[in-house]
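Notes to accompany the following structure.
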Amino acid sequence: MEKPVIILGAKGIAHPALEIFNSNQVIVYGFLDEDESLHGTEINTVSVLGNPEDDGFLKLIGKKVESFVAVDDVKYRKFLVELLNERRKVQPINAIHQTAYISTDAVIGHGNFINAKVTIGAGAEIGQHCILHSGAIIDHKAKLGDFVQVGAGSIINSEVTIEEGAFIGSGVTIVSGVSIGKNARVGAGSVVISSVGANETVFGNPAAKIKS
């Protein structure tokens, strides 16, 4: 990749995203964050330049630089992706760590964060703007929708379907063939042996629904 990258967001996954781009010899031009207290500060010598909605910086994206959205919060992540789609007519690029293993016939969308030692198996499908933390395993023919987050060390077994916006905590095991509904949440360390409905929160071994 020849163009440098502007990272939208300067907290959470922003620092590991910088490390990923550095390891792939991609120059990071700077960070943009809505928190004004961060403006003028640096992350590993790279400056936080200003606000993501500042046209002075946005106009560079697509022409001189690429973009990556490094925001954990799904609602704000979606807002920034739509901002880039509508105002700059661009899609954020992927941030993929050099130590990640991605099968040659896996399908991966735009704007994904794929950290160190992530494994994506044969025939797996990863949507857009997902966050896969260190050591997560996405086994063969598993399908992840857009804006899914998978915690460090979690195992998503074969032919699991995880729908848009679902959150899978760290160290979770989801057994083969199970479905996780839209915007569902699975607590850290859970073992999921049956399907989880949309907007449900489950926790435990075996995972059980938590009443709101």
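Across LYS64, LYS182, LYS78, mean-square fluctuation computed from a Gaussian network of the chain (C-alpha pairs under 10 Å connected) peaks at LYS64. Counted over the range 153-212 with a bin width of 5 Å, the fraction of Cα pairs per bin, in whole percents, is 6, 24, 34, 30, 6, 1, 0.
Among 5-14, 172-181, sorting by the average number of other beta carbon atoms lying within 10 angstrom of each residue, highest first, gives 5-14, 172-181.
The charge dipole of the chain, taken about the Cα centre with unit charges on the Cβ atoms of Lys, Arg (+1) and Asp, Glu (-1), comes to about 320 debye, rounded to the nearest 20. Projecting the alpha carbon convex hull of the range 73-126 along each direction and taking the average yields 4.3 nm².
Within the P(r) computed for the range 105-149, what percentage of the Cα pairs occupies the region above 11 Å? I get 60 percent for the Cα pairs in the range 105-149 exceeding 11 Å.
Roll a 1.4 Å probe over the protein chains and send me the accessible area per residue for the chain in Å². Provide the component values of the computation, followed by the final result.
Details: 9790 Å² over 212 residues.
Using a 1.4 Å probe on heavy atoms only, each residue of the chain averages 46 Å².
In whole angstrom, the range 1-41 maps to an equivalent ellipsoid with semi-axes of 20, 11, 7, each derived as √(5λ) from the alpha carbon gyration tensor and ordered largest first. Per residue, the chain reaches -3000 deg cm²/dmol at 222 nm when only DSSP H runs of four or more residues are counted, each adding -39500 (n - 2.57).
Taking a ≥ b ≥ c as the square roots of the eigenvalues of the Cα gyration tensor, the range 106-180 is classed as rounded, since a/c falls below 1.5.
Placing a label point 7 Å from the Cα of ASP73 along the Cα-to-Cβ line, the residues of the range 1-34 whose backbone N sits under 20 Å from it are 7-17, 31-34. Report, in whole Å, the centroid distance computed from the Cα atoms of the range 158-212 and the range 8-40. A separation of 30 Å, based on Cα centres. Angle of helix 14-23 to the longest C-alpha principal axis of the chain, folded into 0 to 90 degrees and rounded to 10: 80°. For the range 61-212, the alpha carbon convex hull comes to 94 Å³ per residue, rounded to a whole number.
Going 7 Å from the Cα of ILE27 toward and past its Cβ, which residues in the range 1-18 have a backbone nitrogen under 20 Å from where you end up? Output list for this probe position: 1-8, 17-18. Charge dipole of the range 90-212 (Cα centre as origin; +1 on each Lys and Arg Cβ, -1 on each Asp and Glu Cβ, all else neutral): 300 debye, rounded to the nearest 20. The value of relative contact order for the chain, using C-alpha pairs under 8 Å at least six residues apart, is 11 percent.
Just the number, please: Stokes-Einstein D of the range 1-126 in µm²/s, Kirkwood Rh from C-alpha pairs, 10 °C, 1.306 mPa s. Walk me through the numbers on the way to the answer.
Numbers: Rh = 14.8 Å.
So the translational diffusion coefficient is about 107 µm²/s.
Once the chain from GLU36 to GLU2 is taken as fully extended at 0.36 nm per residue, the excess over their C-alpha distance is 9.2 nm.
Of all beta bridges DSSP finds with both residues in the chain, what is the antiparallel percent, to the nearest 5?
Values: 5 of 47 bridges.
About 10 percent, rounded to the nearest 5.
The values are calculated or read from the model by the stated rules, or taken from the named source; none is laboratory data. Here the structure is a predicted model, which is why all the values come from computation and not from measurement. So basically every Cβ, Gly included, is an ideal-geometry build from the backbone, and we count neighbours across all protein chains shown. For the accessible areas, the whole protein counts, side chains as well, though only heavy atoms, and no ligand, DNA or RNA atoms are used. Shrake-Rupley method; radii C 1.70, N 1.55, O 1.52, S 1.80 Å.
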